[in-house]
1. Got a number for residues in the stretch 1-57 being basic (Lys, Arg), assigned to a helix (DSSP H, G or I) and within 10 Å of the chain's Cα centre (by Cα)?
2. On the basis of being within 24 Å of Ser95 (Cβ to Cβ), surrounded by 11 or more Cβ atoms within 10 Å (Cβ to Cβ) and free of Cβ contacts under 8 Å to residues at least 24 places away in the same chain, does Arg42 make the cut?
3. Quick check on the stretch 64-88: of everything there that is surrounded by 12 or more Cβ atoms within 10 Å (Cβ to Cβ) and farther than 21 Å from Glu29 by Cα, which residue is modelled with the lowest pLDDT?
4. Restricting to the stretch 53-63, and then to whatever is touching a residue at least 12 places away in the same chain (Cβ under 8 Å) and not basic (Lys, Arg), can you tell me which residue is surrounded by the fewest Cβ atoms within 10 Å (Cβ to Cβ)?
5. For the stretch 81-99, check the following and say yes or no: at least one residue is closer than 30 Å to Glu4 by Cα and either polar (S, T, N, Q) or in contact with a Lys or Arg (Cβ under 7 Å, 6 or more places away or on another chain) (or both).
Amino acid sequence: MAIETKLRIHNIIDKAALKFGSEAWVLKERDKQRLEIQSLSRLLGISKLDRERNQSVWDKMGVQNTVLEIQRYQQKWLQYLERMDINRILKQALSTCKPKGRRNTGRPKKN
């Protein structure tokens, strides 16, 4: 399959799924590293052993950083939530439910 076709499929399916799901989750450093280059290097047939730089892969494919696109999408979503009317259920749920502290690490204790 041609690289252009693979890239179109990547843009249509992969990015759409990532953007849709990114509204609800926090983007951690580990996730950023995986998302940055993993899917594009697979399309080009580049392995980690080839030690190819991320920027060179983006230049070869002619695409932007996926992580930056997801972060922009999340910012748009938050701006949309801020503009929502206070009577909307989603706005009420997000304004009242604010987590405090951190979770305990490890496996939960048996009672």
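The values are calculated or read from the model by the stated rules, or taken from the named source; none is laboratory data. Model, not experiment: these values are computed from the prediction. Note: ideal-geometry Cβ built from the backbone for every residue, glycine included; neighbour counts use all protein chains shown.
1. The total comes to 4.
2. No; evaluated as a whole, the condition is false for this residue.
3. The extreme case among them is Leu81.
4. My answer is Gly62.
5. no
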